[in-house]
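This report refers to the structure that appears directly beneath it.
The values are calculated or read from the model by the stated rules, or taken from the named source; none is laboratory data. Note that the structure is a prediction, hence the values are computed from the model and not measured. Glycine also receives a Cβ, built like all others from the backbone with ideal geometry; neighbour counts cover every protein chain displayed. We work out accessible area using only protein heavy atoms, side chains counted, and drop any ligands, DNA or RNA first. Shrake-Rupley method; radii C 1.70, N 1.55, O 1.52, S 1.80 Å.
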Amino acid sequence: MTSSSLPGASGTLTAFAGFERLARGGRQEVFAQLRQYTGSAPLLIFDDISGALVDLDLREPAPAPAPEPIAAEAPRSVGRPKLGVVAREVTLLPRHWDWLGRQPGGASVALRRLVEEARRIHHGRDSVREAREAAYRFMTAMAGSQDGFEEAARALFAGDAQRFAALVAAWPQDIAEYLQGLAAASWSNENDPT
């Protein structure tokens, strides 16, 4: 995995040595702190948004930021690359294509409008789901062998914040605190109608 494709390359990361939080910050900052680590506990690094494990090779020197691509060298692609428009394949039934073709601005404009409306309508529900998935990813990696893991997972997905907090309170402090932080958005957005 290249350093530019790492999860958390632009966000914050948190590193654990065993059950102890060792470092937190941007990728370069965490990299520098972990290169100085001399302990024997296994190191695990997590993306603070997705809860996903991040592969950070401490043997390599800290990578320099990627140079800006030269616009003249880039081949012309479909869409409007300067605006971030990316052409991809969409498979629909003929009746869907017919409906899209009758919309003002054509299929692309109609699809963008539908996606934006769905994102706005389901923002709260999507935030809850993403926070629960991030918390579950982390707790599976770090607390899968802890007492009450299954019950805590059920409480997490049931939206039972009090039961979840009570169950993870018995786990190592740094794990419980980080897990509560990942799950926080699922409790605060659960009743959000947007």
- Query: Is one or more of the residues making up region 166-174 part of a helix (DSSP H, G or I), in contact with a helix residue (DSSP H, G or I) (Cβ under 6 Å, 6 or more places away or on another chain) and aliphatic (A, V, I, L, M)?
  - Reply: yes
- Task: Name every residue in region 152-167 that is under 25 Å from GLY124 (Cα atoms) and either open to solvent by less than 40 Å² (accessible area, probe 1.4 Å) or touching a residue at least 12 places away in the same chain (Cβ under 8 Å) (or both), in order of residue number.
- Result: ALA152, ALA153, ALA155, LEU156, PHE157, GLY159, ALA161, ARG163, PHE164, ALA165
- Note on the structure: For region 14-30 the number of residues that are open to solvent by less than 40 Å² (accessible area, probe 1.4 Å) and out of contact with any strand residue (DSSP E or B) (no Cβ under 8 Å at 6 or more places or on another chain) is 1
- Condition test on SER186, is it assigned to a helix (DSSP H, G or I), open to solvent by less than 30 Å² (accessible area, probe 1.4 Å), among the hydroxyl-bearing types (Ser, Thr, Tyr) and out of contact with any Gly (no Cβ under 9 Å at 6 or more places or on another chain)? no
- Query: Across region 91-143, what is the number of residues that are closer than 25 Å to GLY51 by Cα and among the basic types (Lys, Arg)?
  - Reply: 6
- Note on the structure: In region 41-53, anything within 15 Å of the chain's Cα centre (by Cα), open to solvent by less than 50 Å² (accessible area, probe 1.4 Å) and within 17 Å of ASP174 (Cβ to Cβ) is listed as ILE45, PHE46, ASP47, ASP48, GLY51
- Task: Considering every residue within region 93-116, establish whether at least one is surrounded by 13 or more Cβ atoms within 10 Å (Cβ to Cβ), at pLDDT below 80, in a helix (DSSP H, G or I) and not acidic (Asp, Glu).
- Result: no
- Query: Which of the residues belonging to region 117-140 are aromatic (Phe, Trp, Tyr) and either open to solvent by 70 Å² or more (accessible area, probe 1.4 Å) or at pLDDT below 85 (or both)?
  - Reply: TYR136
- Query: Within the group ALA170, ALA87, which residue is open to solvent by 60 Å² or more (accessible area, probe 1.4 Å), over 22 Å from the mean Cα position of the chain (by Cα) and touching a residue at least 12 places away in the same chain (Cβ under 8 Å)?
  - Reply: ALA170
- Check region 31-40 and report whether any residue there is at pLDDT 90 or above, buried (at least 19 other Cβ atoms within 10 Å of the Cβ) and on the phi < 0 side of the Ramachandran plot. no
